[in-house]
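The values are calculated or read from the model by the stated rules, or taken from the named source; none is laboratory data. Computed from a predicted model, the values in this text were never measured in an experiment. Ideal geometry is used to build each Cβ from the backbone, glycine not excepted, and the neighbour counts take in all protein chains shown. The protein model used for the area step is the full one, side chains on, heavy atoms only, and it has no ligands, DNA or RNA in it. Shrake-Rupley method; radii C 1.70, N 1.55, O 1.52, S 1.80 Å.
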Amino acid sequence: MASELPFAAGLHRKSFDPTARGMLDGVRVIDLSRLVAGNLLTLTLADHGAEVVKIEPPAGDSLRAWKVKGVETAWKTWCRNKRSVCLDLRNPEAVAVVRRLALDAAIFVESFRPGVLEEMGLSPASLLEANPRLVIVRVSGWGQDGPYRHKPGFGTLVEGYSGFASINGFADREPVLPPMFMADAYAGLYGSTATMMALRHAEATGEGQMIDLSLFEPIFAILEPQMANYAVTGAPKPRTGSRSTNTAPRNAYRTKDGKWVGLSSSTQSVFERLMRSIGQEALLADPRFATNSDRLRNIEAIDGVIRDAVATMTLAEALAQFDRDGVTIGPILGVSDLATDAYVREREALIAVPDAEMPGGLLPMHGQVPRLSRTPGALRCPAPRLGQDTRDVLVGALGAAEAERLIMGGVAIGAKE
């Protein structure tokens, strides 16, 4: 089957080491979240040594259902280094198990609709009363309070509501939603940072707290100083495709061999080098292009000059010439390009790990992010099967007899062999 994954031959191959330790070794995380944001949050912690215990319903985390040709690719990628405990939370005994596990945890993550945790009998107040040092992360679409707290918490709705879609795309076309889980991803990354800050506070003072993590606020926060700009100009930011409203030229340009490059001249010196590189030094004296503001006003004209120049070159020729001349340019790559890209491989941004379900027996996935010099992340175990760790975790928390009783009674479910 190796021939079915030809690009894996050059990837750095990594093995899982269950004895590996990270900087968060000893930090237990109880993760009741579903889908992307919570799983990205806890993945960051798990990669750096935390023991992340996924509490899954009998049907499994909804992320498991995102299969490609029957393979749980999203689950395999975002739930490595985690453990799976399967509990039927419709049963009060299962809820009591979660409460017991939270006693020994440092972090508790959930992504239910606001109010559901309280209805289950796991309110933050009760969890903190039992474990005053606990950091509780509540992931939702719109936050735990406010008029939209009960609205569906899907990233698509947030990506539209936040202002992102309104500025994404071309002026003469419809707004464009992102083709990936953007709002969830930003929330997960912001959430991991907030969790570590709260954990630092808990370790210093003994005081836990609740983190109200919406999908809306992280993506709203990264969309440039839009409100400040609006206050100054009185006009909303337009959709400009790949152009920028701040600097010019900046766009995607097609090469002679049908490839694409991204080029940006965000400083005057880069623009001057660009004009000299394409043999248009005379345009440096043209008042239409004298300053960045002038170029923004005459963007169609200057873009046409660059588009025509790039169209005479192959991708390799354009990259070589502009790199030589100090012009900021790079290829626009797709997944097939990234799979074989030397930079991606040598940085170990993409690695391969053993996986019998994958073509060639190898699963390509991203490496550890971020990269720490003294305490790097580690690969301890692949994403678990549903309920794979139910028995071990419950035996450790409740004893063998009680764990067996809960499994036999269907309150907890172990992995199927």
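The table below gives the values:
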quantity	calculated
Set 333, 379, 372: member being farther than 29 Å from residue 254 by Cα, at pLDDT 95 or above and part of a loop (DSSP other than H, G, I, E, B)	379
Test for residue 85: is it of a type outside the set (Asp, Glu), in a helix (DSSP H, G or I) and farther than 27 Å from residue 205 by Cα	no
Qualifying position, being under 25 Å from the mean Cα position of the chain (by Cα), open to solvent by less than 20 Å² (accessible area, probe 1.4 Å) and either touching a residue at least 40 places away in the same chain (Cβ under 8 Å) or farther than 23 Å from residue 192 by Cβ (or both), among 383, 339, 318	339
Test: residue in region 394-414 that is part of a helix (DSSP H, G or I), farther than 22 Å from residue 242 by Cβ and among the β-branched types (Val, Ile, Thr)	yes
Residues of region 353-367 satisfying the condition of being modelled with pLDDT of 90 or more and either outside any strand (DSSP E or B) or more than 19 Å from the chain's Cα centre (by Cα) (or both)	353, 354, 355, 356, 357, 358, 361, 362, 367
Elements of type helices (runs of 4 or more DSSP H) in region 92-172, at least 1 residues being of a type in the set (D, E, K, R) and open to solvent by 20 Å² or more (accessible area, probe 1.4 Å)	92-103, 116-119, 124-130
Which numbered condition residue 312 fails, given (1) surrounded by 14 or more Cβ atoms within 10 Å (Cβ to Cβ); (2) over 30 Å from the mean Cα position of the chain (by Cα); (3) hydroxyl-bearing (Ser, Thr, Tyr)	(1)
Residue in region 200-214 that is out of contact with any Phe, Trp or Tyr (no Cβ under 8 Å at 6 or more places or on another chain), over 19 Å from residue 28 (Cβ atoms) and basic (Lys, Arg) present	no
Residue list for region 274-288, restricted to those being surrounded by 16 or more Cβ atoms within 10 Å (Cβ to Cβ) and assigned to a helix (DSSP H, G or I)	274, 275, 277, 283
Given (1) more than 20 Å from residue 45 (Cα to Cα); (2) surrounded by 15 or more Cβ atoms within 10 Å (Cβ to Cβ), index of the condition residue 353 fails	(1)
Selection count, region 247-302, where residues are under 16 Å from residue 325 (Cβ atoms) and among the acidic types (Asp, Glu)	2
